[in-house]
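Have a look at the structure below before the remarks.
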Amino acid sequence: MPLWLFIFGAGTALIISFVALSTLWTEPRFEHRPVRTARPSWLQSILTNRVLEWVIRIVMLLFFLVVAMASARNASPTETIGPIVVYAWFWVGLAIAHAVLGNLWGTLSPFDTIGRLVGFADGEDDDDTVRPYPQAWGYWPAAILLFLFVWVELVDPFGRIAGHLGILIVVYTLIQIGGMQRFGRRTWLQQGEAFGVYFGLLAGIAPLTRDANGRVVFQPVLSGLTRVRPRPGLLAVITVALGSTTFDGFSRTSLWINATARIGGFARIVVFTAGLLAVIGLVTLAFVLAMRTAAKIVGGSWHPLAVRFAHSLVPIILAYAVAHYFSFLVLEGQIGLIRLSDPFGAGWNLFGTSDWVVNYALVTPATIWYVQVAAIVIGHIGGVILAHDRAIAMFPREEAIRTQYALLAVMILFTASGLLILSG
Amino acid sequence: MKPILAHQGGWDEMLVAAGLVLGMLAFSRFRRRRHEGAAPHERPPDVCAYCGAALAPDEVRCPSCGFQRTRPQPPSGPSPG
């Protein structure tokens with residue numbers, strides 16, 4: 001099938017979804033929806049068991065130390081367990097797991113476990129043992145740290161320094177310890193820790209969440225995103241996540257490869273950094289223009305609208321993560337299983353997996369393409385649904401639908417450009 | 001693949017999408033005209049534009065979400081066009 005037909009089909013699917021929502025989805029179904037309360041059961045007692053929680057925490061902390069040490073070794077990226085676990089299992093696999101299972105990072109985070117073991121204060125409002133977190137900072141520390149992570153991944157400025165990933169993991173950990181010590185563990189991890197904020201956003205997609213007692217309950221898919229707290233820097237976190245994945249795809253197109261083939265050294269770092277910033281900027285610009293149009297319709301300024309509708313971009317972050325990295329996770333992710341037996345590349349065979357080889361026939365190119373198209377289309381439809389639900393909760397219905405025209409156009413633009421980039 | 005429409009490969013298939021959008025626009029215009037004259041959508045003045053929390057008159061930043069308060073908004077009734 002020709003590419004244009006996929007683009008046309010995807011665009012049509014979005015328009016049909018929009019029309020269907022406009023006529024059939026007349027009341028907000030996600031906004032202000034209370035989280036259900038679960039009854040006690042044997043399953044819930046396992047899921048909320050403190051001993052089990054701490055076993056997982058300690059195991060994850062030890063695994064984190066192994067990955068950090070392996071990443072610091074003077075070895076090629078696939079020789080140790082380090083880079084493949086960081087970029088495939090953690091950055092892609094855990095992101096997808098959050099969108100399916102809800103917030104796992106709250107338990108798996110080694111930074112949270114370190115904070116609890118050290119005994120840092122929570123940092124709640126009435127806590128006078130730590131400094132108050134500056135309100136204007138909001139999610140900005142997370143946005144900056146997330147940008148630095150994707151910059152290291154996609155621009156690879158320290159590629160020539162062997163073991164640089166391990167050094168960066170140590171630096172990141174020290175920043176988290178400093179943040180928790182100064183502003184309190186919970187306050188910092190909820191706003192300043194890049195992966196806590198990023199995974200927390202993706203967890204809003206999941207059909208599972210926890211009630212006030214910590215028990216696991218079901219919720220409609222996507223509805224958790226309506227509980228994302230608006231804070232300064234929210235839009236920056238979302239556009240960095242979205243723009244960086246788009247740039248990663250764009251940097252693999254023949255257009256970019258041919259244009260940058262002869263650039264090396266420091267110039268390459270500058271050009272790739274500029275490209276990354278430009279794509280993040282373009283994604284932000286498209287969304288801001290849609291919000292400016294919406295603001296003209298309802299009156300008032302665009303910025304509060306942009307913040308309140310930013311959550312509608314989160315399903316697209318997941319869609320791009322699946323579309324761009326699904327095959328990377330399934331194929332290259334196998335190297336992680338192999339290296340599990342020999343995490344430091346020292347010739348060990350702890351679990352008998354060292355002699356395994358990567359099965360590149362696990363998924364066919366056709367399967368990968370259809371997963372990519374499905375992810376892109378479903379992700380954008382999810383975005384349209386969230387934006388529509390919030391619009392009808394905020395404005396009279398006719399006005400609400402008119403505010404969404406420009407955002408629908410942006411979603412179609414993102415869909416088309418996403419498919420064009422994936423096709424190379 | 002079996003073509004769904006009369007023929008495959010032409011831009012005329014876009015007419016389906018364009019028709020849907022135009023139909024939607026016409027329908028919303030029709031509904032808007034029917035509802036013209038309805039009471040304007042009122043918004044309390046001292047409410048955070050970002051999270052909806054109540055604000056004291058002298059608060060520069062919203063205590064709930066941390067955003068700076070925006071300038072007072074004009075009442076947003078049904079706008080022309």
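The values are calculated or read from the model by the stated rules, or taken from the named source; none is laboratory data. On a predicted model such as this, the values are computed, not experimentally measured, just so you know. FYI the Cβ positions are ideal-geometry reconstructions off the backbone, even for glycines, and counts take in every protein chain you see. In case anyone asks, the SASA skips ligands and DNA or RNA and just uses the protein heavy atoms, side chains included. Shrake-Rupley method; radii C 1.70, N 1.55, O 1.52, S 1.80 Å.
Out of all the residues in the range A:351-372, which are out of contact with any helix residue (DSSP H, G or I) (no Cβ under 6 Å at 6 or more places or on another chain) and in a helix (DSSP H, G or I)?
Correct list: A:365, A:366, A:367, A:369, A:370.
Determine if the range A:97-113 includes at least one residue that is open to solvent by 70 Å² or more (accessible area, probe 1.4 Å), more than 25 Å from residue A:279 (Cα to Cα) and without any contact (Cβ under 8 Å) to a residue 60 or more places away in the chain.
Pass one, the range A:97-113, residues open to solvent by 70 Å² or more (accessible area, probe 1.4 Å): A:100-101, A:103.
When the remaining residues are screened for being more than 25 Å from residue A:279 (Cα to Cα), the result is A:100-101, A:103.
In the following step, the residues that additionally are without any contact (Cβ under 8 Å) to a residue 60 or more places away in the chain were identified as none.
Looking for residues that are open to solvent by 70 Å² or more (accessible area, probe 1.4 Å), more than 25 Å from residue A:279 (Cα to Cα) and without any contact (Cβ under 8 Å) to a residue 60 or more places away in the chain, one finds none in the range A:97-113, hence no.
Those residues that are over 30 Å from residue A:307 (Cβ atoms) and either touching a strand residue (DSSP E or B) at 6+ places or on another chain (Cβ under 9 Å) or of a type in the set (Phe, Trp, Tyr) (or both), I need them from the range A:238-280; list them, please.
Restricting attention to the range A:238-280, the residues satisfying the condition of being over 30 Å from residue A:307 (Cβ atoms) are A:252-271.
Listed by number, the residues that qualify are A:256, A:266.
Within the range A:146-174, work out how many residues are in a helix (DSSP H, G or I), more than 16 Å from residue A:64 (Cα to Cα) and open to solvent by 40 Å² or more (accessible area, probe 1.4 Å).
Counting residues in the range A:146-174 that are in a helix (DSSP H, G or I), more than 16 Å from residue A:64 (Cα to Cα) and open to solvent by 40 Å² or more (accessible area, probe 1.4 Å) gives 4.
Please specify each residue of the range A:332-362 satisfying the condition of being in contact (Cβ under 8 Å) with a residue 24 or more places away in the chain and open to solvent by 20 Å² or more (accessible area, probe 1.4 Å).
Correct list: A:332, A:334, A:335, A:339, A:340, A:344, A:345, A:358, A:359, A:360, A:362.
Using the structure shown, decide if residue A:314 is within 14 Å of chain B (Cβ to nearest Cβ), crowded, with 20+ Cβ neighbours inside 10 Å and in contact (Cβ under 8 Å) with a residue 24 or more places away in the chain. Step through it out loud before you land on a result.
Values: within 14 Å of chain B (Cβ to nearest Cβ): no; crowded, with 20+ Cβ neighbours inside 10 Å: yes; in contact (Cβ under 8 Å) with a residue 24 or more places away in the chain: yes.
Answer is no for this residue.
Does residue A:10 meet the test of being crowded, with 17+ Cβ neighbours inside 10 Å and more than 9 Å from chain B (Cβ to nearest Cβ)? Walk me through it before giving the result.
Numbers: crowded, with 17+ Cβ neighbours inside 10 Å: yes; more than 9 Å from chain B (Cβ to nearest Cβ): yes.
Yes; evaluated as a whole, the condition is true for this residue.
Among the residues of the range A:330-350, what is the count of those that are under 24 Å from residue A:96 (Cβ atoms) and part of a loop (DSSP other than H, G, I, E, B)? Let's see the steps before the verdict.
Of the range A:330-350, the ones under 24 Å from residue A:96 (Cβ atoms) are A:330-340, A:343.
Retained after the next criterion (residues that are part of a loop (DSSP other than H, G, I, E, B)): A:343.
Total satisfying the criteria: 1.
Inspect all residues belonging to the range A:138-145 and state whether any of them is away from every other protein chain (no Cβ under 14 Å), among the β-branched types (Val, Ile, Thr), in a helix (DSSP H, G or I) and within 30 Å of residue A:221 (Cβ to Cβ).
Scanning the range A:138-145 turns up no residue that is away from every other protein chain (no Cβ under 14 Å), among the β-branched types (Val, Ile, Thr), in a helix (DSSP H, G or I) and within 30 Å of residue A:221 (Cβ to Cβ).
Please go through the range A:253-285 and pick out each residue that is small (Gly, Ala, Ser) and not in a helix (DSSP H, G or I). Steps first, answer last, please.
Within the range A:253-285, the subset small (Gly, Ala, Ser) is A:254, A:259, A:261, A:264-265, A:267, A:274-275, A:278, A:281.
Selection gives A:261, A:264.
Within the range A:28-55, track down each residue that is open to solvent by 70 Å² or more (accessible area, probe 1.4 Å) and either within 11 Å of chain B (Cβ to nearest Cβ) or closer than 25 Å to residue A:410 by Cβ (or both).
A:29, A:32
Suppose we filter the range A:126-137 for residues that are more than 11 Å from chain B (Cβ to nearest Cβ) and hydroxyl-bearing (Ser, Thr, Tyr); how many remain?
Result for the range A:126-137: 1.
So the check is Cβ under 6 Å with 6+ separation or different chains; which pairs have a first residue in the range A:1-25 that's within 30 Å of residue A:395 (Cα to Cα) and a second one that's open to solvent by 30 Å² or more (accessible area, probe 1.4 Å)?
Sorted first by the residue in the range A:1-25, then by its partner, the pairs are A:11/A:412; A:14/A:412; A:15/B:20; A:17/A:381; A:19/B:20.
Kindly indicate whether any position in the range A:296-303 is surrounded by 21 or more Cβ atoms within 10 Å (Cβ to Cβ), more than 14 Å from every other protein chain (Cβ to nearest Cβ), of a type in the set (Val, Ile, Thr) and part of a helix (DSSP H, G or I).
no
Just checking, which of B:17, B:38 is facing another protein chain (nearest Cβ under 9 Å), part of a loop (DSSP other than H, G, I, E, B) and either within 18 Å of the chain's Cα centre (by Cα) or modelled with pLDDT of 50 or more (or both)? Don't jump to the end; show me each part of the working.
On the way: B:17 fails: part of a loop (DSSP other than H, G, I, E, B).
Step by step, each of B:17, B:38 is checked, and only B:38 is facing another protein chain (nearest Cβ under 9 Å), part of a loop (DSSP other than H, G, I, E, B) and either within 18 Å of the chain's Cα centre (by Cα) or modelled with pLDDT of 50 or more (or both).
Evaluate the range A:69-82: report whether one residue or more is farther than 24 Å from residue A:150 by Cβ, surrounded by fewer than 17 Cβ atoms within 10 Å (Cβ to Cβ) and within 14 Å of another protein chain (Cβ to nearest Cβ).
First pass over the range A:69-82, keeping only residues farther than 24 Å from residue A:150 by Cβ: A:74.
Add one more test, that the residue is surrounded by fewer than 17 Cβ atoms within 10 Å (Cβ to Cβ), and what stays is A:74.
From the residues that got through so far, the ones that are within 14 Å of another protein chain (Cβ to nearest Cβ) too are none.
So far as the range A:69-82 goes, no, none of its residues is farther than 24 Å from residue A:150 by Cβ, surrounded by fewer than 17 Cβ atoms within 10 Å (Cβ to Cβ) and within 14 Å of another protein chain (Cβ to nearest Cβ).
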